[in-house]
Amino acid sequence: MTIDTDIFPVIETERLVLRKVTKEDANSILNYLSDVEVMKYYGLEPFKSINDALDEISWYQLIQNNKTGIRWGITLKEQEVVIGSCGFHNNVSQHFRTEIGFELSKEHWGKGIAVEAVEAIISYGFEHMKFQRIEALIEPPNLSSQKLVEKLGFIREGLLRKYEFTCGKFDDLYMYSLLKQDFDKIKNS
């Protein structure tokens with residue numbers, strides 16, 4: 001399981017280009033991460049300044065440099081504007097596992113864009129990064145994210161009680177997982 005820090009993998013799907021996020025994308029990121037509804041289950045307060053967006057971009061670079069994750073900007077083909085992001089974090093290389101995260105600008109909700117993006121990176125993660133297990137930690141009220149991962153074959157394994165302290169409160173999280181053999185079975189059916 002390796003993340004090449006020299007060459008950032010660009011992933012194309014039918015409608016999307018998943019690419020590296022740069023400082024030039026800060027305004028786009030600020031646009032959707034300042035939205036209260038987008039940030040409701042993100043674990044951070046809505047962004048208030050361009051510096052918040054630049055800090056987020058720095059975190060994307062840090063996890064890639066440290067080989068603990070990778071984050072793609074989601075763009076529509078023929079457009080350069082980042083409308084969301086998705087990726088892996090908290091990689092545990094000796095156990096071939098990682099966590100997945102994703103968010104999307106509200107104006108693009110309900111169009112299947114998040115499913116298309118997440119499905120593409122899951123495929124990339126199993127095929128190129130050699131993950132055995134991809135986890136998703138989702139707050140119980142976040143029904144849309146639960147439906148998304150379930151649609152892609154993730155299994156809810158249980159509830160992690162008061163697992164995270166974010167935005168001044170403790171949050172319960174559902175633990176979902178998708179194993180490589182489950183992914184292969186779904187892909188080949």
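The values are calculated or read from the model by the stated rules, or taken from the named source; none is laboratory data. Predicted, not measured: the structure shown is a model, and the values here were computed from it. Positions of Cβ are backbone-derived with ideal geometry, glycine not excepted, and every protein chain shown enters the neighbour counts. All accessible areas refer to the heavy atoms of the entire protein, side chains included, with ligands and DNA or RNA removed. Shrake-Rupley method; radii C 1.70, N 1.55, O 1.52, S 1.80 Å.
Between the range 126-175 and the range 52-125, what is the C-alpha centre distance in whole Å?
So the separation of the two Cα centres works out to 15 Å.
Cut-off 10 angstrom, C-alpha nodes, Gaussian network model of the chain. Which of PHE102, PHE165, PHE88 fluctuates the most?
PHE165
For TYR174, enumerate residues with amide H under 5 Å from its amide H, sequence gap 5+ or separate chain, H modeled in the peptide plane.
Long-range HN contacts for TYR174: ILE138, GLU139, LEU160.
So with the 1.4 Å probe, I'd like the accessible area per residue for the chain, rounded to whole Å².
For the chain, the solvent-accessible area averages 53 Å² per residue.
Beyond 13 Å, how much of the Cα-Cα pair distribution for the range 33-106 remains, as a whole percent?
Everything past 13 Å amounts to 70 percent.
When the accessible area of the range 44-189 is split by element with a 1.4 Å probe, what percent falls to carbon and sulfur?
Within the range 44-189, the accessible surface is 53 percent carbon and sulfur.
Separation between the LYS67 and CYS167 pseudo-spin-labels, each 7 Å from Cα along Cα→Cβ, expressed in nm?
3.5
What's the Kirkwood radius of the chain in Å, using all Cα pairs?
For the chain, the Kirkwood estimate is 16.9 Å.
P(r) of the range 117-189 in 10 Å steps, Cα pairs, percent per bin?
Pair shares across the bins are 19, 46, 27, 7, 0.
What ³J(HN,Hα) values, in whole Hz, does the Karplus curve 6.51 cos²θ - 1.76 cosθ + 1.60 give for the range 40-52 when θ = phi - 60°, with x put for Gly and Pro?
Taking θ as phi minus 60°, the curve returns 3, 10, 7, x, 9, 6, x, 5, 10, 9, 4, 5, 4 Hz for the range 40-52.
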